[in-house]
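Here the structure comes first, spelled out in structure tokens, and everything after it is commentary.
The values are calculated or read from the model by the stated rules, or taken from the named source; none is laboratory data. Fair warning: this is a prediction, and the values are worked out from it, not measured in the lab. Here the Cβ positions follow ideal geometry from the backbone for every residue, glycine too, while neighbour counts run over all protein chains shown. Ligands, DNA and RNA are stripped out before the accessible areas are found, and what is left, the full protein with its side chains, is counted by its heavy atoms. Shrake-Rupley method; radii C 1.70, N 1.55, O 1.52, S 1.80 Å.
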Amino acid sequence: MTETKAHGRAVESAADLRNMIIEGIQDRKGRAITVVGLTGIESAPASEFIICQGTSTQQVAAIADSVRDYLFENGGIKPYNYDGYRNSQWIVIDYGSTLVHVFTPETRLLYNLEELWSDAAIESVADLD
């Protein structure tokens with residue numbers, strides 16, 4: 001089993017970390033979740049991106065807070081860093097091998113990370129209704 005470290009704490013696998021992040025996103029009704037697998041790309045800044053969106057800047061901040069709280073409460077995992085709360089159009093949370101990107105819909109379209117990393121393995125996660 002692969003071992004991933006997130007701020008000093010071992011997680012069973014990258015899949016466990018990914019699932020916890022997705023649960024944190026879904027807890028605040030984050031939509032259009034995409035997992036971008038970057039392991040085969042030498043210049044990539046992380047092993048994977050998890051990208052999602054909220055409908056407003058308030059929801060983007062709430063989703064980012066939920067991810068941070070969920071990982072800490074359920075795994076004792078703290079991010080290495082996070083940024084973007086000032087305007088909450090794009091918040092990134094750094095968990096080492098995984099970067100979480102939470103966007104407003106307009107900002108997500110503008111930066112279009114899935115297209116930028118189109119040579120990566122891209123997997124969509126179904127929205128919860």
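Structure values in brief
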quantity	calculated
Failed condition for residue 79, given (1) in contact with a Lys or Arg (Cβ under 8 Å, 6 or more places away or on another chain); (2) at pLDDT below 95	(2)
Among the candidates 99, 38, 109, residue that is open to solvent by less than 20 Å² (accessible area, probe 1.4 Å) and aliphatic (A, V, I, L, M)	38
Checklist (1) closer than 20 Å to residue 115 by Cβ; (2) out of contact with any strand residue (DSSP E or B) (no Cβ under 6 Å at 6 or more places or on another chain) applied to residue 34, failing item	(2)
Residue tally, condition crowded, with 18+ Cβ neighbours inside 10 Å, small (Gly, Ala, Ser) and not in a helix (DSSP H, G or I), over the range 48-70	1
Test for residue 119: is it within 23 Å of residue 37 (Cβ to Cβ) and either surrounded by fewer than 12 Cβ atoms within 10 Å (Cβ to Cβ) or in contact (Cβ under 8 Å) with a residue 40 or more places away in the chain (or both)	yes
